[in-house]
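Student: The structure's right below; bear with me while I get my questions together.
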Amino acid sequence: MREALAENFSAWVDAVEQCLLEADLHLLKQPDRRALAGLVLTARVGA
């Protein structure tokens, strides 16, 4: 079960990371888009 949840979360992080990469011209320069994607998802789930 944990492995499936981890894979699911990773897939969501991949999707958000891709969105952030595509929006790169509109964002402040961040060295780690994947970490930012994880933060976005964590904040959304916690909200």
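The values are calculated or read from the model by the stated rules, or taken from the named source; none is laboratory data. All figures in this text were calculated on a predicted structure; none of them were measured in a lab. Using ideal geometry, Cβ is built from the backbone for each residue, glycine included, and neighbour counts are taken over all protein chains shown.
Student: Search region 6-47 for residues being of a type in the set (Gly, Ala, Ser) and not in a helix (DSSP H, G or I), and hand back the single one that is modelled with the highest pLDDT. Break it down into steps so the answer makes sense when it comes.
Tutor: So the first thing to find is which residues in region 6-47 are of a type in the set (Gly, Ala, Ser), and the list is 6, 10-11, 15, 23, 35, 37-38, 43, 46-47.
This time we only want the ones that are not in a helix (DSSP H, G or I), so: 23, 47.
Values: 23: 80, 47: 61.
Filtering region 6-47 for residues that are of a type in the set (Gly, Ala, Ser) and not in a helix (DSSP H, G or I), the one modelled with the highest pLDDT comes out as 23.
Student: List every residue pair whose Cβ atoms lie under 7 Å apart, where the two residues are 6 or more positions apart in sequence or sit on different chains, the first residue falls within region 11-27 and is surrounded by 12 or more Cβ atoms within 10 Å (Cβ to Cβ) and of a type in the set (A, V, I, L, M, F, W, C), and the second residue, located anywhere, is in a helix (DSSP H, G or I) and at pLDDT 90 or above.
Tutor: Pairs that qualify, where the first residue is surrounded by 12 or more Cβ atoms within 10 Å (Cβ to Cβ) and of a type in the set (A, V, I, L, M, F, W, C) and the partner is in a helix (DSSP H, G or I) and at pLDDT 90 or above: there are none.
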